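Scroll down for the structure; my scribbles are underneath it.
The values are calculated or read from the model by the stated rules, or taken from the named source; none is laboratory data. The structure displayed is predicted, hence computed values, not measured ones. No Cβ is skipped: glycine too gets one built from the backbone with ideal geometry, and neighbour counts run over all protein chains shown.
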Amino acid sequence: MDKLISLVVPCFNEQETISLFFETVEKIKPKLRGYQVEYYFINDGSSDNTLNILRKLHEDHKQSVHYVSFSRNFGKEAALYAGLRSATGDYVAVMDVDLQDPPEQLVDMLAGIEDEGYDIVGTRRKDRKGEPILRSFFSNMFYKVINKISDTQFLSGVRDFRLMTRQVVNSILKMSEYNRFSKGLFSWVGFNTKYLEYSNRDRVAGTTSWSFWGLFKYSLDGIVNFSEKPLALASYTGLFSFLVSVIAIIFIICRKLFFGGSVNGWASLISIILFIGGLQLFCIGIVGRYVGNIYLEVKHRPVYIVQEEK
Ligand code: UDP
Ligand code: MG
């Protein structure tokens, strides 16, 4: 049997890019050491012509092009999960359809696995050229924070684009959690990983589906999913303000005993009450994020729903 590489490609409203992507990959196929390539496109509830394009592509290349189409938009993480579950290759690559992940690199990735013995060859942007400054700033902040508080390693600029051995893919599939933060899952499973570096490039067509707010929420998800430190932070702040109040009470009692009482200080009292109240809500909020995640996990809902599959 031929050796096989599966490409897992999530697509959300990507009608402009799919054909370009397919043609580009087909061109580099001969360089892949005799490996067959199979495609698993995941249509993540696109509202444009994406599904029809995928159907057509499958009709033209019945052997090599497959697709899974979701009943609605479940997000890239769900799409990746569906793709990894369907893929049958000896090696599996995860890549974006917008050609921001240069398919030429598959050749070097394959060399990394077969010649140098790595289990995963990933990619890392060495710059953030063409990215809004504010976005870069917050990205860098995110990596600083999460690496401080999580036991899982997060390297800045690492993309999802990677080639993995079957063993790695199976390990990732064993993690059946509902809250799937792929960057974390890929790193959590371990294995020998090599990163190829390249300069950032823009999408060939279409627009990114990430808003600034979306990215912000995504980074909070990452933190909640891969660190319990915020919970500890909540209890430490509670402990700290408790100790401060004990000292304050002792101070007030002593003052009353030795100097007699005074009834002013209404404004300071109100601010302290507001301060403590705010702190409590903040800490409950942190706990709430974790409880919410537990709630989602125990419902055991499927990560995605397939409407059509070929
Ligand atoms: N994507 C998806 N579901 C979504 C959002 C994005 O499957 O809800 C896909 C999208 O089609 C693309 C990849 O994920 O192939 C990366 O998306 P995008 O280019 O918008 O993100 P960026 O490269 O800007 O981080
Ligand atoms: Mg992109």
Between residues in the stretch 288-310 that are in contact (Cβ under 8 Å) with a residue 40 or more places away in the chain and residues that are among the small types (Gly, Ala, Ser), which pairs lie under 6 Å by C-beta distance while being six or more apart or on different chains? 303/78; 304/78; 304/82; 305/71; 307/69; 307/71; 308/69
Flag for residue 175 being farther than 21 Å from residue 75 by Cα and more than 13 Å from the chain's Cα centre (by Cα): no
Filter pass, residue 238 being within 30 Å of residue 132 (Cβ to Cβ) and either away from ligand 2 (no atom under 16 Å from the Cβ) or assigned to a helix (DSSP H, G or I) (or both): no
Check the stretch 214-230 and report whether any residue there is polar (S, T, N, Q) and within 16 Å of ligand 2 (Cβ to nearest atom). no
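For (1) within 15 Å of ligand 2 (Cβ to nearest atom); (2) within 25 Å of residue 230 (Cβ to Cβ), each residue gets a yes or a no:
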residue: 83; (1), (2): no, no
residue: 94; (1), (2): yes, no
residue: 106; (1), (2): no, no
residue: 118; (1), (2): no, no
residue: 135; (1), (2): yes, yes
residue: 141; (1), (2): no, yes
residue: 150; (1), (2): no, yes
residue: 155; (1), (2): no, yes
How many residues of the stretch 7-25 are crowded, with 18+ Cβ neighbours inside 10 Å and either assigned to a helix (DSSP H, G or I) or within 13 Å of ligand 2 (Cβ to nearest atom) (or both)? The answer is 12
Just to verify a result, which residue in the stretch 284-310, among those that are part of a loop (DSSP other than H, G, I, E, B) and of a type outside the set (A, V, I, L, M), is farthest from residue 228 (Cα to Cα)? 310
Determine if the stretch 182-189 includes at least one residue that is more than 16 Å from ligand 1 (Cβ to nearest atom) and not in a helix (DSSP H, G or I). yes
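Based on this model, can you work out whether residue 200 counts as more than 19 Å from residue 12 (Cα to Cα), outside any helix (DSSP H, G or I), within 16 Å of ligand 1 (Cβ to nearest atom) and touching a strand residue (DSSP E or B) at 6+ places or on another chain (Cβ under 7 Å)?
Considered against the rule, which asks whether it is more than 19 Å from residue 12 (Cα to Cα), outside any helix (DSSP H, G or I), within 16 Å of ligand 1 (Cβ to nearest atom) and touching a strand residue (DSSP E or B) at 6+ places or on another chain (Cβ under 7 Å), residue 200 comes out as yes.
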Just one of (1) among the charged types (D, E, K, R); (2) within 30 Å of residue 74 (Cβ to Cβ); (3) at pLDDT below 85 trips up residue 228, so point out which. (3)
Regarding the stretch 208-230, can at least one residue be identified that is exposed (fewer than 10 other Cβ atoms within 10 Å of the Cβ) and of a type in the set (Ser, Thr, Tyr)? yes
Of the numbered conditions (1) at negative phi; (2) touching a Lys or Arg at 6+ places or on another chain (Cβ under 6 Å); (3) in contact (Cβ under 8 Å) with a residue 12 or more places away in the chain, residue 136 satisfies every one except a single condition; which is it? (3)
Please return the ranges of helices (runs of 4 or more DSSP H) entirely within the stretch 50-151 where 3 or more residues are more than 16 Å from ligand 1 (Cβ to nearest atom) and of a type in the set (D, E, K, R). 50-60
All-but-one check, residue 154 against (1) under 17 Å from the mean Cα position of the chain (by Cα); (2) away from ligand 1 (no atom under 16 Å from the Cβ); (3) among the hydrophobic types (A, V, I, L, M, F, W, C), failing number (2)
Does the stretch 172-194 include one or more residues that are surrounded by fewer than 17 Cβ atoms within 10 Å (Cβ to Cβ), aromatic (Phe, Trp, Tyr) and touching a strand residue (DSSP E or B) at 6+ places or on another chain (Cβ under 9 Å)? yes
